[in-house]
1. Take the Cα pairs of segment 95-215, get the Kirkwood Rh, then feed it into Stokes-Einstein at 4 °C and 1.567 mPa s and tell me D in µm²/s.
2. Please report the antiparallel percentage of DSSP beta bridges with both residues in the chain, rounded to the nearest 5.
3. Give the Kirkwood hydrodynamic radius (Å, one decimal) of segment 12-327, defined as one over the mean of 1/r across all pairs of different Cα atoms.
4. Over segment 123-256, calculate the relative contact order: mean separation of alpha carbon pairs under 8 Å at least 6 apart, over the residue count, as a percent.
5. Any idea which of Ala197, Leu25, Val246 is furthest toward the positive side of the dipole for the chain, if Lys and Arg beta-carbons carry +1 and Asp and Glu beta-carbons -1?
6. Separation of segment 490-512 and segment 402-421 by C-alpha centroid, Å?
7. Given labels modelled 7 Å from the Cα in the Cβ direction, how far is it in nm from Ala557 to Leu152?
8. For a paramagnetic label modelled at 7 Å from the Cα of Ala96 toward its Cβ, which residues of segment 23-57 fall within the zone defined by backbone nitrogen distances under 16 Å?
Amino acid sequence: MATLDRQRLLRLLPYVAGDRKRLLLTMLLLIPVAAAAAVQPLLVGQAISVLRGEPTLPWLQGLAVPAALRLLVLTLLAAVLVRLGLQGVQTFNVQAVGQRLTARIRDDLFAHAMALSLRFHDRTPVGKLLTRLTSDVDALAEVFGSGAVGVLADLVTLAVIAVTMLLIEWRLGLLLLAAQVPVVLGMLWLQRRYRRANYRVREELSQLNADLQENLQGLEVVQMFRREAENSARFAHTTDRYRKAVTGTIFYDSAISAYIEWVALVAVAAVLALGGTMVTAGALGLGTLTTFILFSQRLFDPLRQLAERFTQIQGGLTAVERIGELLEQPIEIHDLPREQRSALALRTGAERRSAGEVIFENVSFSYRPDEPILTDLCFRIAPGEHVALVGPTGSGKTTVIRLLCRLYEPQQGRILLDGVDIRELPIDTLRRRLGVVLQDTFLFSGTVADNLRLDAAIPSDALRRLCSELGLSPLLARLPDGLATELRERGANLSSGERQLLAVARVAIRDPSVLVMDEATAFMDPSTEATLQADLERLLQQRTAVVIAHRLATVEAADRILVLRRGRLIEQGNHLQLRAAGGLYAQLADLQERGLAAL
């Protein structure tokens, strides 16, 4: 555990590289701040020595009592002001660096999460990812801002006070330093237990966020099926687990504070006992004893502050662990290095357009090892050919699209685009050549224009002209601000058909070589579908098209139909050929004609 912590903490060093000057200034200020803190008890003790006529520091000898006291008071005031001023500079610098650190980490976490394959996201609830991007990063910011540098400051203060005490009276100094040993051992013992308890807190908080996000996204279903009471009971159970986990950390947090206070009282009592004996014997001045009593309090202040930071530090280490776990997730879908690509891939990748030939060669794929989805799948789609994928639910139709778009990697076989393995093509190039319209359309919050452009730099005039050519003018006329209309989350202020219309339009704008459609007109009313049909036909011209078909009319128009069952290609041909063959396709077509099934 300690080795992993060290490796993960070292991994954070590049994030503070840009703030080296601020950090160096903060480190340099540690010694003068600690010295200003250590000198204050000494000055108070010297004041008492001056009043009692005891030996004092050389720079006070020979001064009258009033003059010596004035000098001590002014020096004490200067020490306090210097300490407060330098601490203010330290705090500002540390907080500023901490915020920039966490901003960089959050950006990298987001980019890494976006780069992870769908395989990872399929098994990871969104709420758990959100916790790592928000709560865990905030915990790291808190420990860096007030914990990491604070710990260093406390350690420097301890060292300065320890040296000062030993120089003044080594016997009392050793006594106070010996009292630190049980405190340190106790903190280390509690640290390991608190760490495990805090990790559980983070896990339960992740589950809490996941449950909350799921219920809010599914609110319509919850209300329609009257699941409010049951879902509230389940959420209350999750909340109760989180409460119990937090309660476990409270015990360790309060125990260390109480333990330090108890040891501090014992140490002060020991100093009074030994120091009082020495004062009575004339071996020690009262001013020096007063200095050590104040030192005993100052000596335990850093430990008290360490105890207060105990929760933050352990929470930060837990956050580093969880953040590290996410960053250590391998990116399965990535570009091959240029030197590993073939000459054909380099030449093809440099071209903006492609012919659109698609080949699946002995492709096998499974989401879980014991459940194969595609088995030894082979087919070729010629450039410009329109192919429909047909089959029962679970036959692997959507998986074919996901593999073609390289959202997943096949376990066996390869997929070729224009004779090039798609793994050799840059991901940006591959997805620029593929235009995908899914049945479940996702729109981002923002304007209609933003959702149509996405990554394309299209001037406003050109965008309006394209929308007119694609038949979007009636839709834009209904919207209050046309292309500038703000869409709510997931396009909630549009109908399903309108969202699908925008999804088809944003693909058409990109002029892809291969069009992939999952029943693009499924949610459109007959009027909207008729408006779009001519544009779809123009979009399909001179392009390869792969269509997941659910309606007979769509299938009949395809040049070729591929029939899948349990991940295998069992039939192919056009509509008339497959109907005449009397196989699975003919059965599905007969059922749909009678309104009993979808293809």
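Read the figures in this text as sums done on the coordinates, not as results from a lab. Remember, predicted model here, so these are calculated numbers, not experimental data. Because the Cβ atoms are built from the backbone with ideal geometry, glycine has one as well, and the counts that use them run over all protein chains shown.
1. Estimated diffusion coefficient is 72 µm²/s.
2. Working: 21 of 38 bridges.
Expressed as a percentage, antiparallel bridges in the chain total about 55.
3. Numbers: mean 1/r = 0.0433 Å⁻¹.
Taking the inverse mean of 1/r over all distinct Cα pairs, segment 12-327 comes out at 23.1 Å.
4. Details: 65 pairs, mean separation 52.6, N = 134.
The normalised contact order for segment 123-256 reaches 39 percent.
5. Leu25
6. 26 Å
7. Each label point lies 7 Å from its Cα, and together they span 6.7 nm.
8. Residues 23-29 fall inside that zone.
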